[in-house]
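Beneath this line is the structure, given in structure tokens, with notes to follow.
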Amino acid sequence: MEITLPLFGTASTTSDSTGLSVTGLETPLNAATPWQLELPASGIFGLTGPSGSGKSTLLAALAGQRHCRGNITFANTVWQRGRRALATHKRTLSLGFQDSRLFAGQSVADNLALARRYSRRPLPEEECDRLLKAFGIEPLLHQPVELLSGGEAQRVAVLRQLFNNAPLQLFDEPLSAVDRAQVLRRLLPTLRDFWARYPALVIWTSHDFDEIQLLAQRCLWMDSANLSAPLSLPEVAQRLDSHGVGDSCRSRIEARVESLNDGLLTLDLGGISIFADRVAGHYRKGDTAAFLLEAGDISLSVEKPGLSSILNCLPVTLVAKQNLTDGRIRLQLAAADQVFYADISRLSCERLELREGTTYFAQFKAGSLAGL
């Protein structure tokens, strides 16, 4: 396979893939543990770990904004070899920051227009209009960016990256100031739909593991400048818990789409129909849909309940019980080869005489399924 080398004006043959290849990448932060990373040309990958572990440094190094040495290749083009590096503006990527970094003295519309003007993969007008509506930016288009709230500025900054539509998109805590309910129920489904239509290699950095669970299938883990990648989401969740930076209060569950009628999404989970309302994403029959279920939104019954306004009733097996520090009990439940959690009071656990290995019935409202 031929790889172009704009750094040196020559070409060479290599076995590297068309995705992102990083070998021996060193910064002052990780001189003792150079980073190695191999990712495909498209796909969504989370990046998380304890604060100060080096996540932002990695993104900056990939973007050519941090002094480093090593080798970086993307899409058969060498971005860095040793200490010689391609300038940031010549790399086919976009990098978003937690502090937004919008262009001051301009309106929201001006910032978005610049992203489209310099895009190597411009989006159709109708796609831009769809994103403006989904992100709630239309009323803000003529507003100076200095007047935006923190959450509004972050939404505009993420939208600016989407308008640019780079082949490699790096995000560093991009929605940390945005209302959590809006992120889970509106923005993440919109992002997931967008990257399904316009594939790119996305690295999404966040301390909010809910974001990563809804967007990604695999995750990069950074701890004390040591990079492990890519890992499964359950493995990363365990690492977060062991470092005291995770709270497995929401579980990621996958189900097959049956139908979407009158705003009510019907899903098949192990042969049982479950329902979700307030659905923001676009689904077709047969799609696999991922959602989050809050442990505190689940109630447990020994017998199958009768007719109720609570639409979802799922047979589950109690796998394990864990005492929490606040007096509650965390139940590990299994259904259709998937594991999730429910938090109940110790009194409820005692009254129901819950036993591991026994089948019970988990109830939760249609509005409890987040991220759809």
Margin query: Between Gln154, Gln182, which is farther than 25 Å from Thr73 by Cα, crowded, with 21+ Cβ neighbours inside 10 Å and among the polar types (S, T, N, Q)?
Written below: Gln154
Note to self: If Leu170 meets every condition in (1) in contact with a strand residue (DSSP E or B) (Cβ under 8 Å, 6 or more places away or on another chain); (2) open to solvent by 50 Å² or more (accessible area, probe 1.4 Å); (3) aliphatic (A, V, I, L, M) apart from one, which number is that one?
What the structure shows: (2)
Item checked: Residue that is modelled with the lowest pLDDT [pool: residues in the stretch 227-255 that are out of contact with any strand residue (DSSP E or B) (no Cβ under 9 Å at 6 or more places or on another chain) and farther than 25 Å from Ser368 by Cα] -> Gly244
Checklist line | Within the stretch 259-272, considering residues that are open to solvent by 50 Å² or more (accessible area, probe 1.4 Å) and without any contact (Cβ under 8 Å) to a residue 24 or more places away in the chain, the one nearest to Asp193 (Cα to Cα) | finding: Leu260
Item checked: Near pairs, Cβ below 7 angstrom, 6+ apart or cross-chain, from the stretch 107-128 (without any contact (Cβ under 8 Å) to a residue 60 or more places away in the chain) to any residue that is open to solvent by less than 80 Å² (accessible area, probe 1.4 Å) and acidic (Asp, Glu) -> none
Check: Among the candidates Ala200, Ala276, which residue alone is at pLDDT 95 or above, surrounded by 17 or more Cβ atoms within 10 Å (Cβ to Cβ) and over 30 Å from Pro167 (Cα atoms)?
Finding: Ala276
Item checked: Given (1) under 24 Å from Glu26 (Cα atoms); (2) assigned to a loop (DSSP other than H, G, I, E, B), number of the condition Leu102 does not satisfy -> (1)
Check: Which members of the stretch 116-145 meet the condition of being touching a Leu at 6+ places or on another chain (Cβ under 9 Å) and either open to solvent by 50 Å² or more (accessible area, probe 1.4 Å) or modelled with pLDDT under 95 (or both)?
Finding: Arg116, Glu138
Next item on the list: Have a look at Pro230, Pro189 and point out the one that is surrounded by fewer than 22 Cβ atoms within 10 Å (Cβ to Cβ) and within 30 Å of Arg330 (Cα to Cα).
Entry: Pro230
Note to self: As an exercise: evaluate Ala177 against (1) open to solvent by less than 50 Å² (accessible area, probe 1.4 Å); (2) aliphatic (A, V, I, L, M); (3) within 28 Å of Thr27 (Cβ to Cβ); (4) within 18 Å of the chain's Cα centre (by Cα) and give the number of the one condition it does not meet.
What the structure shows: (1)
Margin query: Among the residues of the stretch 249-283, what is the count of those that are over 21 Å from Ile212 (Cβ atoms), of a type outside the set (S, T, N, Q) and assigned to a strand (DSSP E or B)?
Written below: 12
Notebook entry, point to check: In the stretch 47-86, which residues are open to solvent by 40 Å² or more (accessible area, probe 1.4 Å) and either more than 23 Å from Gln217 (Cα to Cα) or assigned to a strand (DSSP E or B) (or both)?
Noted result: Gly52, Gln65, Arg66, His67, Arg69, Asn71, Arg81, Arg83, Arg84, Ala85
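Would you check which residues across the stretch 341-372 are assigned to a strand (DSSP E or B) and over 12 Å from Ala320 (Cβ atoms) and list them?
Taking the stretch 341-372 as the starting set, the residues that turn out to be assigned to a strand (DSSP E or B) are 341-345, 359-364, 369-370.
Residues satisfying the conditions are Asp343, Ile344, Ser345, Thr359, Tyr360, Phe361, Ala362, Gln363, Phe364, Leu369, Ala370.
The values are calculated or read from the model by the stated rules, or taken from the named source; none is laboratory data. As the structure is a prediction and not an experimental result, all values here were calculated from the model. Glycine also receives a Cβ, built like all others from the backbone with ideal geometry; neighbour counts cover every protein chain displayed. Accessible surface areas use protein heavy atoms only, side chains included; no ligands, DNA or RNA. Shrake-Rupley method; radii C 1.70, N 1.55, O 1.52, S 1.80 Å.
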